[in-house]
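This report concerns only the one structure given below.
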Amino acid sequence: DSGVTQTPKHLITATGQRVTLRCSPRSGDLSVYWYQQSLDQGLQFLIQYYNGEERAKGNILERFSAQQFPDLHSELNLSSLELGDSALYFCASSVSVTDESPLHFGNGTRLTVT
Amino acid sequence: AQRVTQPEKLLSVFKGAPVELKCNYSYSGSPELFWYVQYSRQRLQLLLRHISRESIKGFTADLNKGETSFHLKKPFAQEEDSAMYYCALYTGGFKTIFGAGTRLFVKA
């Protein structure tokens with residue numbers, strides 16, 4: 001499957017901990033986006049990378065950080081976790097640096113903070 | 001402020017009935033709008049975009065700049081249309097803003 005892949009699918013951890021979510025973009029896509037989906041807030045844009053460089057930031061907390069590696073995979077690091085961080089985290093990729101081209105989504109990582 | 005509003009969290013219709021999922025946006029520039037759909041146990045995927053002016057799976061959406069709306073419509077709903085639908089606005093600046101989503105439930 002050459003689509004967007006995210007690991008792990010599920011993650012359960014305790015408050016105060018740190019986790020890393022991983023995303024491999026679709027083959028040929030250079031842009032990677034991270035979104036957070038909470039129950040009542042739909043999809044919230046967190047951050048975007050293009051070819052290894054950060055290009056846009058949304059409502060991303062200072063406790064969260066991300067990076068895109070030379071092989072174009074991306075990691076989202078969430079630290080000092082709080083109960084409210086429990087959500088579905090989606091990665092998406094697109095061909096271009098601007099996202100006027102459609103986004104291709106992964107299946108998401110469901111994070112549960114207890 | 002840039003914003004996408006989907007006023008209905010849940011929309012329930014009978015099979016064969018018309019369906020309209022509402023989307024309103026707030027954006028001072030020239031908008032590019034999309035509808036994404038997430039079927040049960042599948043990933044979120046593009047349904048249609050306004051610049052294509054196409055009908056996908058019987059769905060259409062017309063951009064109304066006067067009303068700042070991009071409602072998704074289908075004349076005869078099918079059970080397989082049951083899914084979560086997201087309206088999205090490309091704002092330039094490298095990001096797309098999504099609405100909160102509307103869950104469509106088509107009853108037999």
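No lab work stands behind these numbers, since they all come straight from the coordinates. Note that this is a predicted model, so its numbers are computed, not measured. Methodologically, a virtual Cβ is constructed for each residue, glycine included, from the backbone with ideal geometry; neighbour enumeration extends over all protein chains shown.
Between exposed chymotrypsin sites (Phe, Trp or Tyr not before Pro) in chain B, where DSSP calls loop and at most 13 other Cβ atoms lie within 10 Å, what's the longest gap? Please report the intermediate quantities before stating the final value.
Details: sites that count: B:TYR39, B:PHE76.
Excluding the exposed sites themselves, the longest stretch runs over B:1-38.
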With a/c under 1.5 counting as rounded, go ahead and sort the range A:30-114 into rounded, prolate or oblate using the C-alpha gyration tensor (a ≥ b ≥ c being the square roots of the eigenvalues; past the cut-off, prolate if a/b is larger than b/c, else oblate). prolate
Which of B:LYS74/B:LYS95; B:LYS22/B:LYS65; A:LYS57/B:LYS65 have a Cα-Cα distance over 18 Å? B:LYS74/B:LYS95; A:LYS57/B:LYS65
Loop-located GluC sites (Glu not before Pro) in the range B:33-108 whose Cβ has at most 14 other Cβ within 10 Å (DSSP): B:GLU54, B:GLU67
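Counting Lys and Arg as +1 and Asp and Glu as -1, what is the net charge of the other residues whose Cβ lies under 14 Å from the Cβ of A:GLN67?
Value of the local net charge: -1.
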Could you state the number of Å between the C-alpha centres of the range B:73-108 and the range A:40-114? 21
Once phi for every residue in the range B:21-31 is put through the Karplus expression 6.51 cos²θ - 1.76 cosθ + 1.60 (θ = phi - 60°), the whole-Hz ³J(HN,Hα) values, with Gly and Pro written as x, are 9, 8, 8, 10, 10, 10, 6, 7, x, 8, x
Net charge (Lys, Arg +1; Asp, Glu -1) of residues whose beta-carbon lies under 13 Å from that of A:PRO8, A:PRO8 excluded, is +2
Please list, short to long, the whole-number percent of alpha-carbon pairs of the range B:1-78 in consecutive 5 angstrom bins beginning at zero. 3, 13, 24, 26, 21, 9, 3, 1
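Counting pairs of Cα atoms in the protein assembly as shown, how many percent are more than 24 Å apart? Don't jump to the answer; show the numbers that get you there.
Numbers: 10590 of 24531 pairs.
Taking all Cα-Cα pairs of the protein assembly as shown, the fraction more than 24 Å apart is 43 percent.
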For a quick check: sort A:ILE47, A:ILE60 by the number of other beta carbons within 10 angstrom, fewest at the front. A:ILE60, A:ILE47
Residues meeting the amide H criterion for B:LEU48 (H placed from the backbone, H to H distance under 5 Å, 5 or more places apart or on another chain) are B:TRP35
